[in-house]
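J.: If you scroll down you'll find the structure; I have some questions about it.
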Amino acid sequence: MKYAIIQLQGKQFQVSEGDQITVDRLDKAEGEKFSVSDVLLLVDGDKRKIGQPIVKSAKVDCEVVANNKGEKIRVAKYKAKSRHRKVQGHRQLQSLVKILQIT
């Protein structure tokens, strides 16, 4: 099994070819391809390459599938004895990224 651990936007993800991951909104259009060179670990069967801090010759090719919003969350503020209550909603902007190839 071939997989990699990559760093994208300061967060780490374990990915394989064909996977789809949800990340914070990228500044890329839908259908746009890009590559990630911050590969921290690369595993191909019994072979392992561990980066210090990154693997020099490895990269992961990705494609933005969709730019959308996440689920709505409710944020509530409450102060006792003062009748202060405030409820807000929030939807985080997200991008759905498909992993095309790990090299």
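The values are calculated or read from the model by the stated rules, or taken from the named source; none is laboratory data. Everything numeric in this text was worked out from a predicted model, so none of it was measured. So basically every Cβ, Gly included, is an ideal-geometry build from the backbone, and we count neighbours across all protein chains shown.
J.: Run ARG48 past the list (1) outside any strand (DSSP E or B); (2) free of Cβ contacts under 8 Å to residues at least 12 places away in the same chain and report the number of the one that doesn't hold.
T.: (1)
J.: Still on this structure, please answer the following. So LYS56 passes all but one of these: (1) in a strand (DSSP E or B); (2) at pLDDT below 95. Which condition number does it fail?
T.: All conditions pass for LYS56, except number (1).
J.: May I ask you to verify whether LYS81 is part of a loop (DSSP other than H, G, I, E, B), without any contact (Cβ under 8 Å) to a residue 24 or more places away in the chain and out of contact with any Leu (no Cβ under 7 Å at 6 or more places or on another chain)?
T.: yes
J.: State all residues of the stretch 1-41 that are under 11 Å from the mean Cα position of the chain (by Cα) and either of a type in the set (S, T, N, Q) or part of a loop (DSSP other than H, G, I, E, B) (or both); if no residue qualifies, say none.
T.: GLN7, GLN9, GLY10, GLN12, GLN14, GLN20, THR22, ARG25, LEU26
J.: Hey, another quick one. Could you identify the single residue in ILE54, ILE99, ILE73 that is exposed (fewer than 11 other Cβ atoms within 10 Å of the Cβ) and among the aliphatic types (A, V, I, L, M)?
T.: Sole residue among the options that is exposed (fewer than 11 other Cβ atoms within 10 Å of the Cβ) and among the aliphatic types (A, V, I, L, M): ILE73.
J.: Test VAL65 against the stated conditions and say whether it is surrounded by 11 or more Cβ atoms within 10 Å (Cβ to Cβ), more than 11 Å from the chain's Cα centre (by Cα), of a type in the set (Val, Ile, Thr) and part of a strand (DSSP E or B).
T.: yes
J.: Taking GLY18, is it among the small types (Gly, Ala, Ser), surrounded by fewer than 11 Cβ atoms within 10 Å (Cβ to Cβ) and touching a strand residue (DSSP E or B) at 6+ places or on another chain (Cβ under 7 Å)?
T.: Yes; evaluated as a whole, the condition is true for this residue.
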